[in-house]
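S.K.: Dropping a structure here in structure tokens format, bear with me for questions.
The values are calculated or read from the model by the stated rules, or taken from the named source; none is laboratory data. Everything numeric here is computed off the predicted structure, so don't read it as measured data. Cβ placement follows ideal geometry from the backbone for every residue including glycine, while neighbour counts extend to all protein chains displayed. For the accessible areas, the whole protein counts, side chains as well, though only heavy atoms, and no ligand, DNA or RNA atoms are used. Shrake-Rupley method; radii C 1.70, N 1.55, O 1.52, S 1.80 Å.
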Amino acid sequence: MLSLRLCLVVSLLLPLFPLLCLGIRSFPTRFTSGDRLEMGFDGVFQYVEAPEYRNGAGCPVSSNKGLVLSCDRSLVHIAMTLDSGYLRGSIAAVHSVLKHSSCPENVFFHFIAAEFDPASPRVLAQIVRSTFPSLNFKVYIFREDTVINLISSSIREALENPLNYARNYLGDILDSCVDRVIYLDSDVIVVDDIQRLWNVNLTGSRVIGAPEYCHANFTKYFTDAFWSDPVLSRVFVSRNPCYFNTGVMVMDLQKWREGNYRKRIETWMELQKTMRIYDLGSLPPFLLVFAGNVEAIDHRWNQHGLGGDNVKGTCRSLHSGPVSLLHWSGKGKPWVRLDAKQPCPLDRLWEPYDLYKPQSKNSERDEQWSWISSILVGYSHDLL
């Protein structure tokens, strides 16, 4: 009788297996440009829950009772992109901000996700929530067709991702009540209190603040065609332009909107489509609009270039001086090099913030069998 019932259970379950498999593989693993999309058996990324970071006794209490958190000016507002290819970096960056913040509950994250990301903005939001259950955040959907026709080819394919240009549209994407924000790339680690960066004052008419590097060869960011054009090259005549990295910026979105800086950047991108004036993705239009009129922030807030150049991604060392933020700009990303067992020395500084925990094949099989066994037991229980 028991074997008859067991056969009945198996016969009932067999038709379900194709459907169950579809659920398991709803977001299949894929490989692109060395960046791996890590999935577990249950169809979600395998991240452990972050520790619970709480405010200390001296943290201010918001006086904006009943106000939507995304509009609360008493909070530190951070904008970041969120996508499946760089999710591991974004999770580590958020973790680092919270860990070193004196008032982590007073930080609000504005995440911008691409409309057609393979994991979908909804899934990405669920992953963030499961990893940081008490995090203050909102996910905005970025329509890639907003910018895709303005993007020109770059020296590295990853730089052509439409989401790289989302920073150009923060004034339009974020709620209109958000008038100030810190923009951070996904390949950074913050090792200082983010409140100190938030406290930077943008003086006069300055719209953005960032560490400047005036010793860098500024001419290399634009082509000979640009510098040889007597009209175009005059854009910097009244300024003393210096290179700055757009991966870490303090932005006054009120001034941004009033000055229609999105359109100013787009104008240069439109020109680039007809006359090649630069080769490096989303950075040059920012330099054309802002270089020479940037609030200079201490270099400690962007120790950039740790990912090497845009071609080889070789190991690099830190610049001299104190460090508040590490930035793996360039081709090499710490999670890729660590997984490949070929880390650069500084990649070890990123590792403690990594919350991704891959499951071994054995544990995956054990979980699958345990799950199937529980169904068998449940079915047999009902039939006995």
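S.K.: Please indicate, with yes or no, whether at least one residue in the range 124-138 is charged (D, E, K, R), without any contact (Cβ under 8 Å) to a residue 60 or more places away in the chain and open to solvent by 60 Å² or more (accessible area, probe 1.4 Å).
M.R.: Within the range 124-138, one or more residues are charged (D, E, K, R), without any contact (Cβ under 8 Å) to a residue 60 or more places away in the chain and open to solvent by 60 Å² or more (accessible area, probe 1.4 Å).
S.K.: Right, another one. Inspect the range 326-338 for any residue being among the basic types (Lys, Arg), more than 22 Å from residue 84 (Cα to Cα) and either open to solvent by 40 Å² or more (accessible area, probe 1.4 Å) or at pLDDT 95 or above (or both) and give the result as yes or no.
M.R.: Checked the range 326-338: no residue is among the basic types (Lys, Arg), more than 22 Å from residue 84 (Cα to Cα) and either open to solvent by 40 Å² or more (accessible area, probe 1.4 Å) or at pLDDT 95 or above (or both).
S.K.: If I filter the range 166-179 for residues that are in a helix (DSSP H, G or I), surrounded by 22 or more Cβ atoms within 10 Å (Cβ to Cβ) and among the polar types (S, T, N, Q), do I get at least one hit?
M.R.: Among the residues of the range 166-179, at least one is in a helix (DSSP H, G or I), surrounded by 22 or more Cβ atoms within 10 Å (Cβ to Cβ) and among the polar types (S, T, N, Q), which makes the answer yes.
S.K.: Here's a follow-up. Scan the range 65-91 for residues that are assigned to a helix (DSSP H, G or I), of a type outside the set (D, E, K, R) and open to solvent by 10 Å² or more (accessible area, probe 1.4 Å) and report the count.
M.R.: 2
S.K.: Give all pairs with beta carbons closer than 8 Å in which a residue from the range 41-56 that is closer than 21 Å to residue 83 by Cβ and in a loop (DSSP other than H, G, I, E, B) meets a residue that is of a type outside the set (A, V, I, L, M) and at pLDDT below 60; count only pairs at least 6 apart in sequence or on separate chains.
M.R.: 43/23; 43/25; 43/26; 43/27; 44/27; 45/38; 46/38; 46/40
S.K.: Here's something else I'd like to know. How many residues does the range 180-199 hold that are assigned to a loop (DSSP other than H, G, I, E, B), more than 18 Å from the chain's Cα centre (by Cα) and touching a residue at least 24 places away in the same chain (Cβ under 8 Å)?
M.R.: First, the residues of the range 180-199 that are assigned to a loop (DSSP other than H, G, I, E, B): 185-187, 191-193, 199.
Those still in the list that are more than 18 Å from the chain's Cα centre (by Cα) too: 192-193, 199.
In the following step, the residues that additionally are touching a residue at least 24 places away in the same chain (Cβ under 8 Å) were identified as 192-193.
Residues in the range 180-199 being assigned to a loop (DSSP other than H, G, I, E, B), more than 18 Å from the chain's Cα centre (by Cα) and touching a residue at least 24 places away in the same chain (Cβ under 8 Å): 2 in total.
S.K.: Consider residue 242 against the criteria (1) hydrophobic (A, V, I, L, M, F, W, C); (2) over 24 Å from the mean Cα position of the chain (by Cα); (3) modelled with pLDDT under 95; (4) open to solvent by less than 20 Å² (accessible area, probe 1.4 Å): it satisfies all of them except one. Which criterion is unmet?
M.R.: Condition (3) is where residue 242 drops out.
S.K.: All but one of (1) assigned to a helix (DSSP H, G or I); (2) touching a Pro at 6+ places or on another chain (Cβ under 9 Å); (3) crowded, with 17+ Cβ neighbours inside 10 Å hold for residue 94; which doesn't?
M.R.: Every condition holds for residue 94 apart from (2).
S.K.: Sticking with this structure for a sec: Report, by residue number, each residue of the range 248-282 that is touching a helix residue (DSSP H, G or I) at 6+ places or on another chain (Cβ under 8 Å), crowded, with 20+ Cβ neighbours inside 10 Å and closer than 30 Å to residue 318 by Cβ.
M.R.: 248, 249, 250, 251, 278, 281, 282
S.K.: So residue 341 ticks every box in (1) more than 13 Å from residue 187 (Cβ to Cβ); (2) surrounded by 22 or more Cβ atoms within 10 Å (Cβ to Cβ) but one. Which box is left unticked?
M.R.: Among (1) more than 13 Å from residue 187 (Cβ to Cβ); (2) surrounded by 22 or more Cβ atoms within 10 Å (Cβ to Cβ), residue 341 violates only (2).
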